[in-house]
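Enquirer: I'd like to ask you about the structure that follows.
Read-outs throughout are calculated quantities, based only on the coordinates presented, and are distinct from any laboratory measurement. Bear in mind that the values here come from a model prediction, so they are computed numbers and not experimental data. Here the Cβ positions follow ideal geometry from the backbone for every residue, glycine too, while neighbour counts run over all protein chains shown.
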Amino acid sequence: MPSDLLEHKIFSIDGTPPSDSAVENYSKLRLLSLKVDPASFGSTYEREVAFSKDIWFKRLSSPFKQTFISSVRDDDGNDRWVGTVTILAPSELLPSTVEPFQRAGAAEDWDLYFLVAMWVHPEYRGKGLGKELVAAGLEWARNNRDPKDDPQGNREKVIALLVRDHNIGGRALYEKMKFEYLVGVASDDEKDLWMTVKCS
């Protein structure tokens, strides 16, 4: 079923601070993603199920990243959260995250953003929700102004992501969204593939 025929919406978790209900719904969705598709993430269900409410709250409170949600209307008229993606701006990135790009000389002319934690519930895959989530993240990055962005606009804004080589569906989605494979940048796991797209 195409996403335009599925009663759904894509929205960002806004609010400073985020609401208690948003924190609760997000933590449930994230934990479900780790339980259903453990091989697709760098973290584990066992690690994150132990997070306190304060940790989940902080995860959604940074001004340097944005989390998007896909929700669908169920038979009872309630909105069910079924997909998510987060975009990290340069000020959110740890030096160790950026270092492999710098060592490879791949990011000298980039304002580097990361797409992480992308997931859509298996029941709703193939309906265009993942594409809409990624598009929302790219649009946010395109319009975002981060303190570490080049104020003169001489660097290109680039979004990077890691995808497992066995994640055929994810790779196909990113390829459709114009991401290209990036060689020469090391990853912690040889099964991880770097992909990037320019969004300046």
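Enquirer: So for the chain, averaging the separation of alpha carbon pairs under 8 Å that are six or more residues apart and normalising by length, what relative contact order in percent results?
Expert: In percent, rounded to a whole number, it is 20.
Enquirer: Sequence-distant or interchain residues sharing an amide H contact under 5 Å with Lys65, placed H: which?
Expert: So Lys65 has HN proximity to Ala89.
Enquirer: What FRET efficiency would be calculated for the residue pair Lys198, Asp75, taking the C-beta separation as r and a Förster radius of 45 Å, to the nearest 0.05?
Expert: E(calc), rounded to 0.05, equals 0.60.
Enquirer: Still on this structure, I have one more. Once you put a point 7 Å from the Cα of Ala50 and another 7 Å from the Cα of Arg142, both along the Cβ direction, what distance in nm separates them?
Expert: Distance between label points: 4.2 nm.
Enquirer: Ordered by packing density, taken as the mean number of other Cβ atoms within 10 Å over each peptide's residues, highest first, how do 56-66, 98-108, 146-156, 127-137 rank?
Expert: 127-137, 56-66, 98-108, 146-156
Enquirer: Hey, another quick one. Which whole-Hz ³J(HN,Hα) couplings does the range 90-97 yield from phi under the Karplus relation 6.51 cos²θ - 1.76 cosθ + 1.60, θ = phi - 60°, glycine and proline marked x?
Expert: x, 5, 8, 7, 6, x, 5, 6
Enquirer: Here's another thing I want to ask about it. Would you please give the FRET efficiency between Glu24 and Lys178, computed as 1/(1 + (r/R0)^6) with r the Cβ-Cβ distance and R0 = 35 Å, to the nearest 0.05?
Expert: For Glu24 and Lys178, the calculated efficiency is 0.50.
Enquirer: What's the FRET efficiency of Ser43 with Asp109 using the Cβ-Cβ distance as r and R₀ = 41 Å, to the nearest 0.05?
Expert: Efficiency, from the Cβ-Cβ distance: 0.85.
Enquirer: Hey, another quick one. Please rank Met177, Met195, Met118, fewest neighbouring Cβ atoms within 10 Å first, as an exposure proxy.
Expert: Placing the least packed residue first, the sequence is Met177, Met195, Met118.
Enquirer: Here are some pairs, Lys148/Lys198; Lys9/Lys131; Lys127/Lys178; Lys9/Lys148; which of them have Cα atoms lying more than 21 Å apart in this structure?
Expert: Too far apart for the 21 Å limit: Lys9/Lys148.
Enquirer: Mind listing the phi-derived Karplus ³J(HN,Hα) values for the range 32-48, rounded to whole Hz, using 6.51, -1.76 and 1.60 with θ = phi - 60°, and x for any glycine or proline?
Expert: Residue by residue, the range 32-48 yields 4, 4, 5, 6, 6, 10, x, 6, 8, 10, x, 10, 10, 4, 4, 6, 7 Hz.
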